Amino acid sequence: MPFMPVKFNLQKRVKLAQGLWMLYWLSVIVGIVIFSLGIFFKIELRKRSELMDNNESHLVPNLLILVGALACAINAFGGKVCHDSLDPMKFTKWKPMLKPYLLTCCSFNVLLLLTALLCFLMQFAVYLTLAEGLKNGIKFYKDTDTPGRCFMKRTLDMTQIEFRCCGNNNYRDWFEVQWISNRYLDMSNDEVKDRVFSNVEGKFLMDSVPFSCCNPGSPRPCIQHHLTNNSAHYDYDHRTEELNIWTHGCREALFSYYSSMMNSMGALIIITILLELEVLSLERTQEKFFSFKSRSSQQHSSSKLTSELKHTTLIA
Amino acid sequence: MVVGKVTFTKLEREKLAEVLWLLNWISVMTGATLFGLGLFLKIEILKWQEVMSDQGILYVPHMLITTGLAACCINFLGGKICLDCADTNKFLRWKLVMMPYVICTFFFTSCVLVGALMCYSIRGQLEESLFLGLRSAMRFYKDTDTPGRCYLKRTLDLLQIQFHCCGNAGYRDWFHVQWISNRYLDMTSSAVVDRLRSNVEGKYLADGVPFSCCSTFSPRPCIQQQVSNRSAHFNFDRQSQQLNLWRRGCRQALLEHYTGIMQSIGLTVLLIWLFELLVLTGVRYLQTAMENVLRLGDPDSESDGWILENSLAETARSNFNIIKNLGKCYQTDNDPNINVPTPAVEQEVPSQLRPEGSLTSGTPQVQNL
């Protein structure tokens, strides 16, 4: 009688082990994806760190890289154990490590949950860093001769072109900042002198924007200077003109880019958590089968012993 | 004289068939690669096709796409055939298909070579097409209200921004073109009217360039108007002038971009061609070896495989005769049922008449008895 239950469970166990092995390798692939996304995010932050005052927090990408690597390692180990579980000889050496392994998996899931939370919550930090960084970026646009800020102009121009944006909140941010260096202003010119003296801080402010704010989709050649002066240009009304320069601010554009990246990574981490929980529950089921099998094999061997004893007594 | 004769034992034939089966499956993948490369090139060309005057360059990706598809189909069939060739009985099924299959493989392998060579030879045509296309694009830059040309301004601006270039050969090309539409010119202003009058064709030409020519690497804010007049701007020295706008012409930039892509594609296609040539040679050997086995009658015996049964010249001559005779299928030279006067009968007729009288022209003459 104890013979039948073992046979039925064996088929189910084989199927379980196979399914579990597949899930482990799927988890390894997901771990690799998380790792590469972490590296990608880190590179993207580094690319525009100048616009964030070199002050941005690399906590999220570093955590993603760590979590990805751990996921690969843990799930590869689990896959190896699962592969060996069908062979009792090989499995005996893994058996003592099973419980610690399950505990590690549980703590790893907690780490994943923390990472997912950080992915969603750190977006606020990114927003604030961007706001501050862009404000300074616009301020230092003209300082192409100052060491440490030589490339701010280039970075900001390329960002405005790539993200189709102008200024921090909108294009008017450029009106409040002197973005043409004094080196290129003819101080002997009366117009220049008037403008500089009319400003409290002696800055040369004007209602103009850099060329990188220009929209290539505009039907007319770009109007960069005297933007609020309708009479300076033929057939121009600055209130109705929408296509001339980009109307969105770079903070919104950059933030939506980074937040979509962080949201998708957070979603991927949640999917990974669900996958890991499924793997964990199947691993527990497999562990239960093992303990049942060892008990039933003990029962089977003891019943075999009693039947043999009976046989020998009968013969005797 | 047989070309490339190799003797195969039964075991060697089976091994060859197995190897060719594997190579054919790899060829299916290389065919898919060819298809993918052709598709990629087509998309890259279509991106900037508005600045190309003729679409002749599209022959290259189309050739690669069709050859790739043909490679997939032919090698898929070839894999099946080669697998069956290991067994003499199964080979009988494919016996009649083998020769057409080898001919098709030879034909598409040469197409692959043509595709690779086209990648390298299209450069001249591309340069001409870009020159004319960019010239007309710059002329129509201002026509954002004309249907069919509305987006030329945007395309050209994006091209100059992305490829870091300005104009056709250089930024001075913009000085010869009116790129500001009359809709945005104040015709009541004396400056504008003067400029229009001073030009023969009444065009508004100025030494200014569009904003997309501005270099992001320049340390100073971009100078777009009066670009060639250094005294018009404060502290506009030679170095500032060099860095202010993009120096490269867009024709050069696009040519380099496409040449780079096509050189790498051409190299890959050449490697694929060499691989296909290998497969073709193997298949030809297998075909001839199997046919010789059938001719000998003993499936376990050794057989010869070759590339050509006779020398190249003789094969070419015999094929040419076959093609010539294909056109003669309705002629009656060899049909015994039709009465055709032979030359021997025609000669007998004049010899009979010769002793009585000479018949020079063949007209009947009255004999004098």
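The values are calculated or read from the model by the stated rules, or taken from the named source; none is laboratory data. Given the structure is predicted, the values throughout are model-derived calculations rather than measurements. A quick note on method: Cβ atoms are made from the backbone with ideal geometry, for glycine too, and the neighbour counts reach across all protein chains shown.
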### Query
B:Lys203 versus (1) surrounded by fewer than 12 Cβ atoms within 10 Å (Cβ to Cβ); (2) part of a loop (DSSP other than H, G, I, E, B): which is the lone unmet condition?
(1)
## Note on the structure
Filtering the range B:119-155 down to residues that are closer than 30 Å to B:Ile74 by Cβ and buried (at least 19 other Cβ atoms within 10 Å of the Cβ) yields B:Cys119, B:Ile122
### Summary
Listed by first then second residue, the pairs whose first member lies in the range A:131-149 and is within 11 Å of chain B (Cβ to nearest Cβ), whose partner is part of a loop (DSSP other than H, G, I, E, B) and surrounded by 21 or more Cβ atoms within 10 Å (Cβ to Cβ), with beta carbons under 7 Å and at least 6 positions apart or on separate chains, are A:Tyr141/A:Trp179; A:Lys142/A:Trp179
### Summary
Scanning the range A:78-98 residue by residue, those at pLDDT 85 or above and either charged (D, E, K, R) or farther than 19 Å from A:Leu26 by Cβ (or both) turn out to be A:Lys80
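Does A:Thr228 satisfy being more than 10 Å from chain B (Cβ to nearest Cβ), in contact with a Phe, Trp or Tyr (Cβ under 9 Å, 6 or more places away or on another chain) and either within 30 Å of B:Leu185 (Cβ to Cβ) or not in a loop (DSSP other than H, G, I, E, B) (or both)? Walk me through how you get there before you give the answer.
Details: more than 10 Å from chain B (Cβ to nearest Cβ): yes; in contact with a Phe, Trp or Tyr (Cβ under 9 Å, 6 or more places away or on another chain): yes; either within 30 Å of B:Leu185 (Cβ to Cβ) or not in a loop (DSSP other than H, G, I, E, B) (or both): yes.
So A:Thr228 fits the description; yes.
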### Query
Yes or no: A:Asp207 assigned to a helix (DSSP H, G or I) and more than 9 Å from every other protein chain (Cβ to nearest Cβ)?
no
### Message
Any residue at all in the range A:232-250 that's part of a helix (DSSP H, G or I), within 13 Å of another protein chain (Cβ to nearest Cβ) and within 25 Å of B:Ala206 (Cα to Cα)?
### Response
yes
### Task
Please find, among A:Arg154, A:Arg149, the residue that is of a type outside the set (A, V, I, L, M), not assigned by the TED database to the domain that holds A:Leu23 and not in a loop (DSSP other than H, G, I, E, B).
A:Arg154
### Summary
Of (1) among the hydrophobic types (A, V, I, L, M, F, W, C); (2) in contact (Cβ under 8 Å) with a residue 24 or more places away in the chain; (3) within 14 Å of chain A (Cβ to nearest Cβ), B:Cys150 satisfies every one except (2)
### Summary
For the range A:178-204, pairs from a residue that is within 14 Å of chain B (Cβ to nearest Cβ) to a residue that is acidic (Asp, Glu), with Cβ under 6 Å and 6 or more apart or across chains, are A:Val192/A:Asp186
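Residues checked against (1) touching a residue at least 12 places away in the same chain (Cβ under 8 Å); (2) under 30 Å from A:Asn182 (Cβ atoms); (3) in contact with a Ser or Thr (Cβ under 9 Å, 6 or more places away or on another chain):
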{"residue": "B:Asp145", "(1), (2), (3)": "yes, no, yes"}
{"residue": "B:His176", "(1), (2), (3)": "yes, no, no"}
{"residue": "B:Trp179", "(1), (2), (3)": "yes, no, no"}
{"residue": "B:Ser228", "(1), (2), (3)": "yes, yes, no"}
### Task
Mind telling me which of the residues A:Leu227, A:Leu254, A:Leu277 ends up being touching a residue at least 40 places away in the same chain (Cβ under 8 Å), closer than 29 Å to A:Ile138 by Cβ and out of contact with any strand residue (DSSP E or B) (no Cβ under 9 Å at 6 or more places or on another chain)?
A:Leu254
### Message
Residue pairs, Cβ under 8 Å, 6 or more apart or interchain, first in the range A:213-224 and more than 7 Å from chain B (Cβ to nearest Cβ), second buried (at least 20 other Cβ atoms within 10 Å of the Cβ) and among the small types (Gly, Ala, Ser). List them.
### Response
A:Cys213/A:Gly167
### Message
I'd like the residue in the range B:226-262 that is polar (S, T, N, Q) and within 45 Å of the chain's Cα centre (by Cα) and, out of all such residues, is farthest from B:Gly38 (Cα to Cα).
### Response
B:Ser228
### Message
Looking at the range B:30-89 only, could you name the residues that are closer than 25 Å to B:Leu159 by Cα and not in a helix (DSSP H, G or I)?
### Response
B:Trp48, B:Met52, B:Ser53, B:Asp54
### Message
Looking only at the range B:232-251, filter to residues that are touching a Leu at 6+ places or on another chain (Cβ under 9 Å) and in contact (Cβ under 8 Å) with a residue 24 or more places away in the chain; which one of those is surrounded by the most Cβ atoms within 10 Å (Cβ to Cβ)?
### Response
B:Cys250
### Task
Note down all Cβ pairs under 7 Å where the first residue falls in the range B:284-298 and is in the same structural domain as B:Lys15 (by TED's automatic domain parsing) and under 11 Å from B:Lys95 (Cβ atoms), the second is among the aromatic types (Phe, Trp, Tyr) and in a helix (DSSP H, G or I), and they're at least six residues apart or on different chains.
B:Met290/B:Phe91
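If I ask for residues that are among the aliphatic types (A, V, I, L, M) and more than 10 Å from every other protein chain (Cβ to nearest Cβ), which ones from the range B:171-208 would you list?
Pass one, the range B:171-208, residues among the aliphatic types (A, V, I, L, M): B:177, B:180, B:185, B:187, B:191-193, B:196, B:200, B:205-206.
Answer for the range B:171-208, where residues must be among the aliphatic types (A, V, I, L, M) and more than 10 Å from every other protein chain (Cβ to nearest Cβ): B:Val177, B:Ala191, B:Val193, B:Leu196, B:Val200, B:Leu205, B:Ala206.
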### Query
Which residues, counting only those in the range B:156-170, are part of a helix (DSSP H, G or I), of a type outside the set (Phe, Trp, Tyr) and either crowded, with 16+ Cβ neighbours inside 10 Å or facing chain A (nearest Cβ under 8 Å) (or both)?
B:Leu156, B:Asp157, B:Leu158, B:Leu159, B:Gln160, B:Ile161
